[in-house]
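The structure appears right after this line, and notes come after that.
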Amino acid sequence: MDDRKKDVIRETDAEAVRLAKTLLRSARFGALAVLEPGTGAPLVSRVGAATDIDGAPLILVSMLAAHTPALLADPRCSLLLGEPGKGDPLAHPRLTLVCQASRLERGSQAHARAERRYLNRNPEASLYAGLGDFSIFRLEPQRASLNGGFGRAYLLDRSDLVTAGPIVEELAASEQSVVEHMNADHLDAIANYAHHFAKAPGDGWTIAGLDADGMDLLSGNDVCRVFFPQPLVDANELRPALVEMARAARAAS
């Protein structure tokens with residue numbers, strides 16, 4: 001039996017990691033599983049989602065929701081991401097992350113960054129994000145399982161999903177100014193990123209977030225993920241990467 005179980009799990013390769021990161025970075029919502037205080041029974045609810053610049057999921061939740069006091073009582077949780085499309089929902093990829101939740105303190109640098117990135121991804125949440133009973137939780141991935149469709153199961157570690165090192169803080173310092181500049185002056189380039197690199201149709205694309213691996217683009221309720229040709233090692237590599245990708249996308253179109 002154990003041997004048959006092992007045979008089901010494929011070796012985690014670069015393609016699997018990219019699919020997992022795509023599901024993580026492009027998710028607008030997910031199913032959050034927590035442990036109900038007092039009973040220990042599993043409790044699952046839908047939450048809006050975004051990611052911190054290093055890839056850790058972010059959720060904005062109210063104290064009126066049952067999952068919030070559950071997270072405060074026991075930070076262990078899991079988050080299921082991945083939207084089914086047409087046909088059999090089990091044929092579509094999904095990612096389950098096993099996490100430890102931590103509530104970010106209002107006024108802290110971590111909270112400011114998380115709130116900025118969450119609202120860039122979910123601008124409608126600005127209507128209630130500042131209310132006193134709402135909190136942002138950062139979900140620290142411990143491990144994950146990826147189901148890429150029938151016969152495509154993988155196990156992933158934190159290091160497969162979360163970026164570490166100086167690049168995280170370096171990009172965080174300049175990210176918002178770059179996002180605002182691109183959205184104000186280079187919408188044509190952003191549209192070309194979406195159409196060429198993500199094969200995403202439609203118009204109105206803007207940049208919602210940047211990170212060492214790539215960028216998240218937003219058009220209404222649609223999100224697409226665009227990866228850089230190579231992960232950034234230094235924040236100074238960001239501008240040349242954007243310029244070169246714009247040139248390549250423009251030439252292809």
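The values are calculated or read from the model by the stated rules, or taken from the named source; none is laboratory data. Predicted model only: the values in this text are computed from it and were never measured. Reconstructed Cβ throughout: ideal geometry from the backbone, glycine too, with neighbour counts over all protein chains shown. Just so you know, the surface numbers come from the protein's heavy atoms only, side chains and all, with ligands and any DNA or RNA stripped out. Shrake-Rupley method; radii C 1.70, N 1.55, O 1.52, S 1.80 Å.
Screening 195, 181 for residues that are in contact (Cβ under 8 Å) with a residue 12 or more places away in the chain, part of a helix (DSSP H, G or I) and not aliphatic (A, V, I, L, M) leaves exactly one candidate, 195.
So which residues in the range 215-253 are part of a strand (DSSP E or B) and touching a residue at least 60 places away in the same chain (Cβ under 8 Å), if there are any at all?
Restricting attention to the range 215-253, the residues satisfying the condition of being part of a strand (DSSP E or B) are 215-219, 222-227.
If the condition is that a residue be part of a strand (DSSP E or B) and touching a residue at least 60 places away in the same chain (Cβ under 8 Å), then 216, 218, 223, 224, 225, 227 are the ones that fit.
For the residues 90, 146, 139, the requirement of being open to solvent by 60 Å² or more (accessible area, probe 1.4 Å) and either closer than 18 Å to residue 20 by Cβ or among the acidic types (Asp, Glu) (or both) singles out 90. Scanning the range 55-72 for residues that are open to solvent by 10 Å² or more (accessible area, probe 1.4 Å) and either touching a strand residue (DSSP E or B) at 6+ places or on another chain (Cβ under 6 Å) or in contact (Cβ under 8 Å) with a residue 24 or more places away in the chain (or both) yields 60, 62, 63, 64, 66, 67, 69, 72. For the range 164-173, the count of residues that are within 28 Å of residue 62 (Cβ to Cβ), open to solvent by 50 Å² or more (accessible area, probe 1.4 Å) and assigned to a loop (DSSP other than H, G, I, E, B) is zero.
Limited to the range 85-139, what total is found for residues that are of a type in the set (Lys, Arg) and assigned to a helix (DSSP H, G or I)? Lay out the reasoning, then the answer.
The initial filter retains those residues of the range 85-139 that are of a type in the set (Lys, Arg), namely 86, 94, 103, 106, 113, 116-117, 121, 138.
Cutting the leftovers down to assigned to a helix (DSSP H, G or I) gives us 113, 116-117, 121.
Going through the range 85-139 one residue at a time, the tally reaches 4.
Within the range 14-46, restricting attention to residues that are farther than 20 Å from residue 76 by Cα and open to solvent by less than 20 Å² (accessible area, probe 1.4 Å), the residue that is nearest to the chain's Cα centre (by Cα) is 25. Evaluating residue 49 against the criteria (1) closer than 25 Å to residue 105 by Cβ; (2) surrounded by 15 or more Cβ atoms within 10 Å (Cβ to Cβ); (3) touching a Ser or Thr at 6+ places or on another chain (Cβ under 8 Å) leaves one unmet condition, (3). Only one of the listed residues (112, 91) is small (Gly, Ala, Ser) and without any contact (Cβ under 8 Å) to a residue 12 or more places away in the chain. That residue is 112. Looking only at residues of the range 74-87 that are in contact with a strand residue (DSSP E or B) (Cβ under 8 Å, 6 or more places away or on another chain) and open to solvent by less than 70 Å² (accessible area, probe 1.4 Å), we find that the one that is farthest from residue 223 (Cα to Cα) is 74. The condition of being in a helix (DSSP H, G or I), open to solvent by less than 20 Å² (accessible area, probe 1.4 Å) and touching a helix residue (DSSP H, G or I) at 6+ places or on another chain (Cβ under 8 Å) does not hold for residue 212.
Output the residue which, of all residues in the range 93-117 that are open to solvent by less than 20 Å² (accessible area, probe 1.4 Å) and touching a Ser or Thr at 6+ places or on another chain (Cβ under 8 Å), is farthest from residue 40 (Cα to Cα). Steps first, please.
The initial filter retains those residues of the range 93-117 that are open to solvent by less than 20 Å² (accessible area, probe 1.4 Å), namely 95, 97, 99, 101, 111, 114, 117.
When the remaining residues are screened for being touching a Ser or Thr at 6+ places or on another chain (Cβ under 8 Å), the result is 95, 97, 99, 117.
Values: 95: 24, 97: 19, 99: 17, 117: 32 Å.
My answer is 117.
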